[in-house]
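The values are calculated or read from the model by the stated rules, or taken from the named source; none is laboratory data. Note that the structure is predicted; figures quoted are calculated from it, not measured. All Cβ positions, glycine included, derive from the backbone under ideal geometry; neighbour counts span all protein chains shown.
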Amino acid sequence: MTDLSAALSQLPPETRDGITLFVKSVSEALGTDLVSVILYGSAARSDFCSGESDVNLLLVLRTIDVAQMQKLMPVFDKSLRLGISPMLLTPDELKCSADAFAGKFFSMREERKVLYGIDILENVSIPAEALRLRCEQEIRNMLLRLRRGYLSQRGRDLPRLLWSMGRHTRDIVRVALALTQDGILPRERALEAASVRFGFDARPVQEVEGLRSNDCLTPEAAEALFSRFLSAIAIITDAIDRLVIR
């Protein structure tokens, strides 16, 4: 088994111990039917926030049926309090899902830690057009929800609206950048590079990233930030829609 203490060293002790126990329990419950366990998302990066972030795990099983899931039930019951959020797939499903979950698999592949078994994501091929389409879908959905949210809330509680919808902008443009000559960049550099490539102002996005759901801004400041952020998202949406894959 992978040395979990090294792979999970960046996480708080309670989370680290919980993941270690989860992987051990799953491997004991499934035996040779368990192919791989891969950690992805914020818990595999450096921005995990205990009590707020989910622990995202990909579990790959040789077969998945009711009998297998019954074996996992006791393990999953104990893991809920740690926010462990597993995705269960078979190897064949993983290959066939690369176009349907292009953005998710891209993020998994770029920021992952193998906790058990083989690195099954290493050779997963993600179609470029599927990845562009997923980026467009996510950013366009954000734009539509921002407009609807502004109208339905009559322009009130804008910091919460911005925080809830704008936290993933950096991740979306980072994936879109991977389809350009910029290629795959570290997360901390992606927003600035995308602002140059796609022609939007990165500052309102950075300000939204720094918000918390309960932050208080004056109505005037919130309105101004919302307007600038909405403009940036509209420009990003148009740029990704027109993105030519080379």
On the given criteria, is residue 192 charged (D, E, K, R) and more than 21 Å from residue 136 (Cα to Cα)?
no
Check whether at least one residue in region 55-73 is outside any strand (DSSP E or B), at pLDDT 95 or above, surrounded by 15 or more Cβ atoms within 10 Å (Cβ to Cβ) and not hydroxyl-bearing (Ser, Thr, Tyr), and report yes or no.
yes
Working carefully through the options 76, 105, 48, find the one that is in a helix (DSSP H, G or I), in the same structural domain as residue 25 (by TED's automatic domain parsing) and over 26 Å from residue 240 (Cβ atoms).
76
If I go through region 114-154 residue by residue, how many of them are assigned to a helix (DSSP H, G or I) and of a type outside the set (S, T, N, Q)?
22
List pairs: first in region 47-66 and closer than 15 Å to residue 83 by Cα, second among the aromatic types (Phe, Trp, Tyr) and at pLDDT below 95, Cβ under 6 Å, 6+ apart or cross-chain?
56/40
Exactly one of these conditions fails for residue 131: (1) touching a residue at least 60 places away in the same chain (Cβ under 8 Å); (2) within 23 Å of residue 183 (Cα to Cα). Give me its number.
(1)
Considering only residues that are under 13 Å from residue 39 (Cα atoms) and of a type in the set (Ser, Thr, Tyr), which ones fall in region 80-107?
85, 107
Which ones in region 1-16 are exposed (fewer than 15 other Cβ atoms within 10 Å of the Cβ) and part of a helix (DSSP H, G or I)?
5, 6, 13, 14
